[in-house]
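Peer 1: Before I ask anything, here is the structure I am working with.
Read the figures in this text as sums done on the coordinates, not as results from a lab. A quick note: this is a predicted structure, and the numbers were derived from the prediction, not measured. Here Cβ is always computed from backbone atoms with ideal geometry, including for glycine, and neighbour counts include all displayed protein chains.
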Amino acid sequence: MYCWLMSIFLRVFSIFSLLVLMTATHSSAQENKPALVVVGGSDSPFLLERDSTLPFFTSKASEVVSIIESRIEKTTTALTDLATTFESIRLRQEMIKQSLDDVAEILLEQIEEAEKILVNRAEELENIEESDKENLRENKRKSENVEAIMKVINSKEWVCPVSDTVKFYDSWNEQRPRSIHRGVDIVGFHGANLYAPVDGEVTFFWDSVGGKSFKLTNENGDYYFGTHLYRFGKKSGDVSAGDVIGQLGAGGNATGPHLHFEFHPGPEGRGNGVNPYQIVNRHCTDRIPIDMPLNHYDGEEREKYSFSYGNLEWD
Ligand SMILES: [Zn+2]
């Protein structure tokens, strides 16, 4: 109740004081303008003295306008800047896209080039692989051959294919009138027994170059060939090491009595000929130097001659 009364009183007092003010300043105010102006909405109007307060509001309002104008200007500038920035970003993105396209094209070209190189390289590799494979097969064959030769050299059962005194030298790969020499020539007495060097199956046949010949195949595939025979053995087929398989002669194109002897290690056997010199050198112990006549029985006389030991090439 008190508050409500106080509020009424204050409102009455304020209207009263404004009226007093209006009366007091009336004489100095301009004739055609009211001294008081109404400010605010019609629902809650209040009066202001024109001369003292309006310029303040006007100046404030113009300040506000100028601030707003400046804001608008700044905002416009900022927006323009933003647009410029966006445009520059867009241009940059376009440039990036273009350079990416260029890069992609270059990459594509390079990939195509790389693919071509790869294809060529793959073809080369295939060829290299083929030749490598061939080399490996050849090396394998050689090492297997060396192994086979060592096995035969060290065999206790192996028998020298020619009886009695013999002489020979390493004539592997010697150039002969018709071809390259692929065996060892074991010179011996005419009619000397020829022995099967190992167990195996022996076959006798006529060779157009060497005349009467034998071939003997061991169960492991080792293949032996002998030619220039004087006579074939009495039986062909299965024989044991040391069985007589013929007599030594000078048949075919031979210039003197000797056995042309070949060794072709298994499992390849025939066609895989190797130098048999070291095998014969080990197992044919009744041997005299090549340039000594066979009928020299005197040991001292034999020592005047020197042996040739051939080379260690296996093929
Ligand atoms: Zn020969």
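Peer 1: Which order results if SER99, SER171, SER44 are arranged by neighbouring Cβ count within 10 Å, fewest first?
Peer 2: On the way: SER99 10, SER171 18, SER44 6.
Arranged by neighbour count, lowest to highest, SER99, SER171, SER44 become SER44, SER99, SER171.
Peer 1: Quick one: which of 173-179, 183-189, 266-272 comes out on top by average Cβ neighbours within 10 Å, and what's the full order, highest first?
Peer 2: 183-189, 266-272, 173-179
Peer 1: Using only Cα atoms, what Kirkwood radius does segment 197-278 have, in angstroms?
Peer 2: 12.7
Peer 1: Starting with the fewest neighbours, write out MET95, MET292, MET150 ranked by other beta-carbon atoms found within 10 Å of each beta-carbon.
Peer 2: Lowest count first: MET95, MET150, MET292.
Peer 1: Starting from the Cα-Cα distance between GLU134 and PHE204, subtract it from 0.36 nm times their residue separation and give me the gain in nm to one decimal.
Peer 2: 21.7 nm
Peer 1: Something else about it: Contour minus end-to-end for GLU115 and LYS234, with contour as 0.36 nm per residue of separation and end-to-end as the Cα-Cα distance?
Peer 2: Full extension of this stretch gives 35.8 nm more.
Peer 1: Tell me the Kirkwood radius of segment 46-154: reciprocal of the mean inverse pair distance over distinct alpha-carbon atoms, in Å.
Peer 2: 23.5
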